[in-house]
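These notes concern the structure reproduced below.
The values are calculated or read from the model by the stated rules, or taken from the named source; none is laboratory data. For clarity, every value in this text was computed on a predicted model and none was experimentally measured. Neighbour counts run over all protein chains shown; Cβ positions are idealised from the backbone, glycine included.
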Amino acid sequence: MATRPPLPPFTLETAIQKVRLAEDGWNSRDPEKVALAYTIDLRWRNRAEFVNGRAEIVAFLTRKWTKELDYRLIKELWAFHDH
C-alpha cells in the first residue's frame, strides 16, 4: 500500500498541509481519486444511505457531484498538539 506524505508525527505546518491535500483531493471532484484515499472495505453512512467499498463510493460521489454542481469541501485543522 502506498503512503501519502506528510506522515505522522506532524508539525503544525505538515498537519495543515495534510488537511489541504485532503481538501484538494475532494475538490478535484474525481471519484476514483477520492476513493483511493480510503480502505478497500470502507463503510460510510451519508444520511440514510450506506456506502460499502470503493466501487460504491465512486458511484455515490458520481451521483452526488452530478447533482451538486457547485460542490466544494472546506476542511479546517481543528486541533493540533505537537506531542
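When the residues of region 25-49 are narrowed to those that are polar (S, T, N, Q) and assigned to a loop (DSSP other than H, G, I, E, B), which ends up nearest to Glu76 (Cα to Cα)?
Ser28
Examine region 41-53 for a residue that is in contact with a helix residue (DSSP H, G or I) (Cβ under 6 Å, 6 or more places away or on another chain) and closer than 27 Å to Ile16 by Cα, and state whether such a residue exists.
Scanning region 41-53, I find no residue that is in contact with a helix residue (DSSP H, G or I) (Cβ under 6 Å, 6 or more places away or on another chain) and closer than 27 Å to Ile16 by Cα, so the answer is no.
Just to be sure I understand, how many residues within region 37-83 are within 17 Å of Asn27 (Cβ to Cβ) and of a type in the set (Gly, Ala, Ser)?
Matching residues across region 37-83 total 1.
Quick one: in region 1-42, which of the residues that are among the small types (Gly, Ala, Ser) and closer than 20 Å to Thr66 by Cβ is surrounded by the fewest Cβ atoms within 10 Å (Cβ to Cβ)?
Among them, the one singled out is Ser28.
Which ones in region 43-58 are modelled with pLDDT under 95 and either among the aromatic types (Phe, Trp, Tyr) or surrounded by 12 or more Cβ atoms within 10 Å (Cβ to Cβ) (or both)?
The one that is modelled with pLDDT under 95 and either among the aromatic types (Phe, Trp, Tyr) or surrounded by 12 or more Cβ atoms within 10 Å (Cβ to Cβ) (or both): Trp44.
Residue check: is Ala22 assigned to a loop (DSSP other than H, G, I, E, B) and not β-branched (Val, Ile, Thr)?
No: the conditions fail for Ala22.
Six or more apart or on different chains, Cβ under 6 Å: which pairs go from a residue in region 51-63 that's over 15 Å from Lys33 (Cβ atoms) to one that's hydrophobic (A, V, I, L, M, F, W, C) and part of a helix (DSSP H, G or I)? Could you list them?
Val51/Ile57; Val51/Phe60
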